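The structure appears below as structure tokens.
Quick note: the coordinates plus some simple rules give every number you see, no bench work behind them. Because the structure is predicted, anything quoted here is derived from the model rather than measured. Every residue, glycine as well, gets a Cβ built from its backbone with ideal geometry; the counts of neighbours run over all protein chains shown.
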Amino acid sequence: MKQPFITQIAQSPLEGWPSSVLHTDKFTLVGTSDGHIVQYSDTLQLQTSIPVSRAPIEHISQISSNYVVLAGGEVTVYDETFDELEKLPFKDILALDVKHGKQPSLAIATKYTLIVYTYWDHLEMTAQHKFAEKLVAVKFVADGVIAASNTSFYRVNENDESTTKLDVPSSGFSILTKNVSILDSSQGIILSRGSSKLLYSKKLGPKRMTFTGDAQAIVEPFIIAKTGNHIHAYDIQRNKHWFTQKVDKLLLVATYDREIVTVSKTSISKFVLKPDKEIINSISDIQSAIDLISQMNYQEKHLKLRQLQVQLATDLFKRGDISSAMDKFIEFCACPLEVIELYPRYISQRDISISNEDELDKKSVELLTYFLSDCRRKISKLINAPENKLPYKNGSLTLDLFTDSNHSIDEIRTAVDTTLFKCYTLINPGLIGSLIRVDNHCDPQLVVTTLKKAHAVDELIDFYFKRGLHEEALHMLSDTSTDQVVKYLQRLKNDNLNLIMKYASPAIDKEEGYGIQIFINSPYSDEFDRYTVMKYLEKHDTLERMFLEYIVYELHEKATIFHTKLALLYLEKLQPDPDDLVYKKMYKFLQIGNYDKRNVLSKFPSSDSPSLILLKSFILSGMGLHKQVLDIQVNSLKKPALAIQYIREHNTQELFLELLSLLQRNNDKDSTLRLLSSTTTSTPISAVLDLMPSFKVHDLENYLTKSIRIQQKQKRIVQLEKNLLDVERVSTALDLMQKENQKVNVDQSTMCEICGRRIGGSVLLWDAGEQHVRHFGCKKPTKNNKLNILSMTDYDDEKDLVVS
């Protein structure tokens, strides 16, 4: 089978009878049977012919920039002009091979010995290996050397230099023949002797190969073989024959990269293998193209392989093998739109009904659901992945694979979800809910029409909610059940607050308890705009009060406007009964609430009721009117004990004297003594005694003793603070003195500790950390001990040094 895989790019007549050939990126060398090396240019133009031996040139290899030549059983190293550099001291050398790279090596095979050299500027022997059989071929591979005898193949390991006989079938390899070749490929080592060939790898072991001809070279992924007047190309993995090139009187073949040079009896020709992508595009059979591209390695290989696999899956689908096709569509991430279009109208078109001409294939629809579900999962992961990319097989999974760059990702998601909805409707309606209750991109009109026709109210409500079509859902529910409306409203957040209030009104008008469920018990009520809800609930006093209690006590709302409103609502229902529930709430709230005191005080009812006067005193206390509070507690409520407790909580000299004065005016001796004995005050004793001229010293004994102790304690505290300040002053003075004593005498003999030169009259720095003086510019020592030029950046770094 011929394929347009190679192109001939040059041909020239041949000089001499060829016996060996070496092809490089710049020129081609042909060894002749009369011992000449003929050099051809890149375009195969004859450049020179150099005699190097009297014997035929059996082998030419390049090592570094020099050449290794095998002729007459001897190996000689030549330079670029073919002047002899050195000759190995061995005769009857049968084969050789060169390993290129950073450190080139040379392996030669005598009758029973394999010798390995390392090439520096000369060859240096590094290893010898003896064999019981005569060696006929040798080849460097990735981790050592392969040597071939008349009957066997051996691996010499590079690391431990051990020798292992390869476990290859003996059949076909026991013939005494000189037609032996060893080729190293990315898929394993190709061993060939006569008509028998095999591919050997450590992991898979030996595998028979069936190509025809003598293996000559590897041009990945092809084996280049020679038969008579032809060269052939077979792929390494399947040994499929790909092309044949006729060359009359063909003798030798050599390769470099993708170039193939053939040498016949009369001419030399050069061919070039076309790019892998071009080769694949020229193959009409999809499976053959897939088989070949899987062995290639070029930049767009995975994209092309996916394209071919999808084409193959499409062919399988059209031939009726839908299961195999879907497996490939899933594996290679086919574009969902292309797969959907393969289905009948009731799937691929917007209409979901099945006509009389259509026959529902449940199995194929079920397979489509697997494919679409897989697409949903992969697309969702990609959208949330960094750069919308994920590792997949040997390449990357991207959104472009699903869109094929012809559709937007939104179009793809809509097509996938809508078609999946159709499939569920046709073969498994029970799965509809699992799709529409999660984020989806189904066509809303199709879904609504279908669900209404099927009377699937719950599914339709879930779809409306997931797609944010709340107005439509509530409008439909309002004709059925208030409870259902309220349940739906409880699922909405603050961004739908206007809609919540719109549909909450009819429910609350029926029963205020619905308001509690919507604005207090809703899982999102803590996110509502509280002022908007408060204004909305003004016409429902109970609901408004309950909402304000909820945000103040449970959500810990601090804003004054809400506290003030709650206090005013309490005032509207306030009764002068300490056992009344509203009174108890007001009693607690007025002491802790962040309300507008003046506003609430202005609305406070006028009453002689002691219980209301007590509440009023809480407001006055919050306003800082403590004297009025004391007056109420002593004169209006007749509870001096309450006033004494108040002084303990708001203890100032002024308030203490005020209460003392009130008690004296009321001639309440017991309360006065209780105040003096139970309250700690810094009020001067003389000021207290002036207010109590009628008291005896004996009555004031406890107060006087306590006051004297307090004043002595305060005096000790003041003295202690003074002593601590004195200690701190002495410590600071000592630190300053130590810093001032850090100095150095600089004279004409003072040397810089960095550069070693005299300081002289230079600008200098005193290094407090190292305790030495240096030039201002000497940031660090330099190799030549020259002064560094100090940049502004360097200057900023000198902050830890002090100029003396």
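Figures for the structure shown
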read-out	value
Spatial separation of Cα centroids for region 230-289 and region 37-52, in angstrom	24
Distance (nanometres) between label positions extended 7 Å along Cα→Cβ at K277 and A132	5.6
FRET efficiency for K627 and L555, using Cβ-Cβ distance with R0 set to 30 Å, rounded to 0.05	0.25
Tilt relative to the chain, helix 653-665 - C-alpha long axis, 0 to 90 degrees, to 10	30
Cross-link pairs beyond the 31 Å C-alpha cut-off, checked among K102/K130; K87/K274; K165/K270	K87/K274; K165/K270
Relative exposure of W242, W17, W120, judged by other C-beta atoms within 10 Å (fewest first)	W120, W17, W242
Phi-based couplings in Hz for region 457-473 (Karplus 6.51, -1.76, 1.60; Gly and Pro marked x)	5, 4, 5, 5, 5, 4, 5, 4, 4, 5, 8, x, 8, 6, 4, 5, 5
Hz values of 3J(HN,Hα) by residue in region 20-31 - Karplus curve (6.51, -1.76, 1.60), Gly and Pro given as x	7, 8, 10, 10, 10, 6, 10, 7, 10, 10, 10, x
Under 5 Å, built H, 5+ apart or other chain: amide partners of A95	A109
Under-5 Å amide H pairs with L14, H placed in peptide plane, nonlocal only	S267, I268
Computed over region 1-137, Kirkwood Rh from alpha-carbon pairs, angstrom	16.1
Option label - volume of the Cα convex hull per residue in Å³ computed here, alternatives [x] 156; [y] 235; [z] 371	[z]
Over the chain: helical MRE at 222 nm, DSSP H runs n ≥ 4 each giving -39500 (n - 2.57), nearest 500	-11500 deg cm²/dmol
Efficiency of FRET from Cβ geometry, D596 and N666, R₀ 35 Å, rounded to 0.05	0.55
